[in-house]
Amino acid sequence: MAIPSGSGTEVLKRAFIASQGEAEGTLITGVANHIYTIISVMAMEKGGFSDSKFYMYIDANAAGTDVYMLDSVAVPSQTLFVFNDKFVLTGTDKLHCKGSSAGSAATYDVWCSYIDQDWT
């Protein structure tokens, strides 16, 4: 993506997934000429499993190569996990998440706050 030189918009947005389990869930699917600044991701463990793990990763340029931001983070039963380090997605990057548990399928409610800069 080229460095923007024209006018654009900057909007505060949110994405969420209710009851995310072990399958891959997509929070953000990037679009060309957009810059996404992730402000915060919150994941609430709802399954009641003490061995739940949370994963968050980026599919860079939608090329199938996953870059993990969080890998096997232990989240206690019915606890809110907050990731508030800032990072940026550009173009066709995708932000994914999932949960797991050794005993059964972990379930998370996931909320993501971000800024969408549109330079189209």
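Values in this text are rule-based calculations from the coordinates and carry no lab data. Keep in mind the model is a prediction, meaning the values are calculated, not measured. All Cβ positions, glycine included, derive from the backbone under ideal geometry; neighbour counts span all protein chains shown.
Longer than 19 Å from Cα to Cα, which of 13/98; 53/86; 13/94; 46/98 are they? Say none if no pair is.
On the way: 13/98 21 Å; 53/86 21 Å; 13/94 15 Å; 46/98 13 Å.
Pairs exceeding 19 Å: 13/98; 53/86.
Hey, what D do you get for the chain in µm²/s if you plug the Kirkwood alpha-carbon radius into Stokes-Einstein at 10 °C and 1.306 mPa s?
107 µm²/s
Debye calculation, C-alpha points only, no solvent: report log10 I(q)/I(0) for the stretch 1-70 at q = 0.14, 0.22, 0.26 Å⁻¹, in the same order as the q values.
Debye curve over Cα of the stretch 1-70, log10 I(q)/I(0) at q = 0.14, 0.22, 0.26 Å⁻¹: -0.59, -1.20, -1.47.
Among 52, 101, 72, rank each residue by its count of other Cβ atoms within 10 Å, from fewest to most, as a rough exposure measure.
If I rank by nearby Cβ atoms, fewest first, I get 72, 101, 52.
Report relative contact order for the stretch 11-118 in percent, whole number only (criteria: Cα-Cα under 8 Å, sequence separation at least 6).
Reported relative contact order: 49 percent.
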